[in-house]
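Read through the structure below, which is laid out as structure tokens, and then see the notes.
The values are calculated or read from the model by the stated rules, or taken from the named source; none is laboratory data. Fair warning: this is a prediction, and the values are worked out from it, not measured in the lab. Quick reminder, even Gly has a Cβ in these numbers, built from the backbone with ideal geometry, and neighbours come from all protein chains shown. Just the protein is used for accessible areas: all its heavy atoms, side chains included, with ligands, DNA and RNA removed. Shrake-Rupley method; radii C 1.70, N 1.55, O 1.52, S 1.80 Å.
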Amino acid sequence: MLHLDNLELSYPDFHLSANWSADRGGLIAVIGPSGAGKSSLLMALAGFITPGTGRVLWQRQDITPLPPGRRPISILFQDQNLFPHLTIAQNLGLALAPDLRLNKAQSARVTGVLDRLGLSGLGHRRPADLSGGQQGRAALGRVLLQARPILLLDEPFAALGPALKSDLLTLVRDLASETQTLVLLVTHDPRDAQRFADRTVLVADGVVHAPTPTADLFANPPVALQDYLGP
């Protein structure tokens, strides 16, 4: 279980608080107005932002002091962070060996993930040689190889067309279900939340509200969500 224990982020003209829990295997959308703090929440969970007060706990252990690399968390950003000078196989291999000295078992894992993501035979190519959808699959493959129980997605597929984005979100759902990975997906699109997430977190007015069943939240949206969605 992930528990945000009275977590608070405070900067000049910005304050964000969260106090809730989420079980392993949950699929959670994070939605709210621009500038409300959705990405800041993910950065704090991943360890790139230090909270002013409160704790982040995983399986009852306080991970707040841990650096990003030692947390049970992977994060995929909007720019996907593929290194243009490396092949796709090398980009994925970084998840297993930062020096890219992979043993046979690790190389086999990379090949297996490429096959699973529909990128079989493309490992020798560089990111610029792939389509946007293929790049998205490759970036997803790298975080999957890290095999951490929490996956944070900060709109990594936002630049893709609706069909490709839907395909990748479906792929994430399937893989997360198999591995019981807890996924938090930041999105500006309510359709993404409705088709992907079992529960949705609303970030508004300085508060990260507790996860609510997605269908219930959109059927009876609070005022802050109504204002965001518009007429």
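Quick check on this structure: which one of 116, 148, 137 is under 12 Å from residue 76 (Cβ atoms), out of contact with any Phe, Trp or Tyr (no Cβ under 7 Å at 6 or more places or on another chain) and modelled with pLDDT under 90? Working first, answer last.
Details: 116 fails: under 12 Å from residue 76 (Cβ atoms); 148 fails: modelled with pLDDT under 90.
Checking each option against the conditions leaves just 137.
Determine which single condition residue 55 fails, assuming it passes every other condition in (1) within 23 Å of residue 172 (Cβ to Cβ); (2) open to solvent by 50 Å² or more (accessible area, probe 1.4 Å); (3) at pLDDT 95 or above.
With (1) within 23 Å of residue 172 (Cβ to Cβ); (2) open to solvent by 50 Å² or more (accessible area, probe 1.4 Å); (3) at pLDDT 95 or above applied to residue 55, the lone miss is (1).
Residue-by-condition table, conditions (1) closer than 25 Å to residue 47 by Cα; (2) out of contact with any Pro (no Cβ under 9 Å at 6 or more places or on another chain):
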| residue | (1), (2) |
| --- | --- |
| 151 | yes, yes |
| 174 | no, yes |
| 180 | yes, no |
| 193 | yes, yes |
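Within segment 49-69, can you find the residues that are assigned to a loop (DSSP other than H, G, I, E, B) and either among the basic types (Lys, Arg) or touching a residue at least 24 places away in the same chain (Cβ under 8 Å) (or both)?
If the condition is that a residue be assigned to a loop (DSSP other than H, G, I, E, B) and either among the basic types (Lys, Arg) or touching a residue at least 24 places away in the same chain (Cβ under 8 Å) (or both), then 49, 51, 52, 59, 60 are the ones that fit.
With respect to residue 17, is the statement that it is over 16 Å from the mean Cα position of the chain (by Cα), among the small types (Gly, Ala, Ser) and either assigned to a loop (DSSP other than H, G, I, E, B) or under 17 Å from residue 148 (Cβ atoms) (or both) true? Quick ask: steps written out before the conclusion?
On the way: over 16 Å from the mean Cα position of the chain (by Cα): yes; among the small types (Gly, Ala, Ser): yes; either assigned to a loop (DSSP other than H, G, I, E, B) or under 17 Å from residue 148 (Cβ atoms) (or both): no.
Answer is no for this residue.
Quick check on residue 86: is it under 18 Å from residue 146 (Cβ atoms) and surrounded by 13 or more Cβ atoms within 10 Å (Cβ to Cβ)?
Values: under 18 Å from residue 146 (Cβ atoms): yes; surrounded by 13 or more Cβ atoms within 10 Å (Cβ to Cβ): yes.
For residue 86, the condition - under 18 Å from residue 146 (Cβ atoms) and surrounded by 13 or more Cβ atoms within 10 Å (Cβ to Cβ) - is met.
Any residue in segment 72-93 that's in contact (Cβ under 8 Å) with a residue 24 or more places away in the chain: show its pairings with residues that are aromatic (Phe, Trp, Tyr) and open to solvent by 30 Å² or more (accessible area, probe 1.4 Å) at Cβ separation under 7 Å, as long as the two are six or more apart or on different chains.
What qualifies is 91/83.
Of the residues 95, 36, 29, which is outside any helix (DSSP H, G or I), modelled with pLDDT under 95, aliphatic (A, V, I, L, M) and within 17 Å of the chain's Cα centre (by Cα)? So that I can check it myself, show each step before the final result.
Values: 36 fails: within 17 Å of the chain's Cα centre (by Cα); 29 fails: modelled with pLDDT under 95.
Sole residue among the options that is outside any helix (DSSP H, G or I), modelled with pLDDT under 95, aliphatic (A, V, I, L, M) and within 17 Å of the chain's Cα centre (by Cα): 95.
For segment 11-27, which positions are over 16 Å from residue 201 (Cβ atoms) and open to solvent by 70 Å² or more (accessible area, probe 1.4 Å)?
11, 12, 13, 15, 24
Out of curiosity, is residue 75 in a loop (DSSP other than H, G, I, E, B) and under 22 Å from residue 183 (Cβ atoms)? Before you say what the answer is, go through the steps one by one.
Numbers: in a loop (DSSP other than H, G, I, E, B): no; under 22 Å from residue 183 (Cβ atoms): yes.
So residue 75 does not fit the description; no.
Of all helices (runs of 4 or more DSSP H) completely enclosed by segment 101-184, which ones contain at least 2 residues that are loosely packed, with under 13 Cβ neighbours inside 10 Å?
On the way: elements: 104-116, 132-146, 162-179.
Hits in segment 101-184: 104-116, 162-179.
Within the set of pairs 6 or more residues apart or between chains, which connect a residue that is on the phi > 0 side of the Ramachandran plot inside segment 151-165 to a residue that is of a type outside the set (S, T, N, Q) with Cβ atoms less than 7 Å apart?
Short answer, once both residue conditions are applied: 155/186.
Just one of (1) of a type outside the set (Phe, Trp, Tyr); (2) in contact with a strand residue (DSSP E or B) (Cβ under 7 Å, 6 or more places away or on another chain); (3) buried (at least 17 other Cβ atoms within 10 Å of the Cβ) trips up residue 91, so point out which.
(2)
Give me the pairs: first residue in segment 110-129 and in contact (Cβ under 8 Å) with a residue 24 or more places away in the chain, second residue open to solvent by less than 30 Å² (accessible area, probe 1.4 Å) and basic (Lys, Arg), beta-carbon distance under 8 Å, and six or more apart or on different chains, which are they?
Taking only residues 6 or more apart or on different chains, not a single pair turns up.
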